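Heads up, the thing below is written out as structure tokens.
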Amino acid sequence: MFSAGFAASYREQVFLHILRESERGATDDEIQKALGMKHQTETPRRSELEELGLIFAAPGQFRPTRSGSLAIVWVVTGKKYDRFEVGTHQKKKDARREAEKTLVLLARTYAGDPTLWNRQRLLEAAKRLG
């Protein structure tokens, strides 16, 4: 499993590659080939960049992949890549994931015995999830 540092580094590499391609943009396949990344490494990083509003799918633009299927072309939005903002976003995402795990664990723990069910604690956890 990669550490958060690896993910941040890969995310920045993906962003810089798309930025270098300028208005032409790049498909996932082109990014993977250019950076020597596996699909399982590149796609989540590109997805994070889209979620942060740093890149978007160019409307109506598709290019063929190495396998011949059509792929979305990704281009930068013009928003500045800010390592602090990206890191903060990832921390919030990680905190939400931990809260979800806690909620699932609580539900599994108390599901078998209704007298142990701590409804208030589950409701508080659900509120934290937003």
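Within region 32-50, none of the residues are over 21 Å from residue 94 (Cα atoms), part of a strand (DSSP E or B) and not β-branched (Val, Ile, Thr).
Count of region 22-41 residues, restricted to those that are touching a helix residue (DSSP H, G or I) at 6+ places or on another chain (Cβ under 9 Å) and under 14 Å from residue 72 (Cα atoms), is 7.
Just name the residue that is modelled with the lowest pLDDT out of those in region 36-55 that are more than 11 Å from residue 15 (Cα to Cα) and surrounded by 16 or more Cβ atoms within 10 Å (Cβ to Cβ). My answer is 52. Under the condition of being in a helix (DSSP H, G or I) and among the β-branched types (Val, Ile, Thr), the residues counted in region 12-29 number 2.
The values are calculated or read from the model by the stated rules, or taken from the named source; none is laboratory data. Computed from a predicted model, the values in this text were never measured in an experiment. FYI the Cβ positions are ideal-geometry reconstructions off the backbone, even for glycines, and counts take in every protein chain you see.
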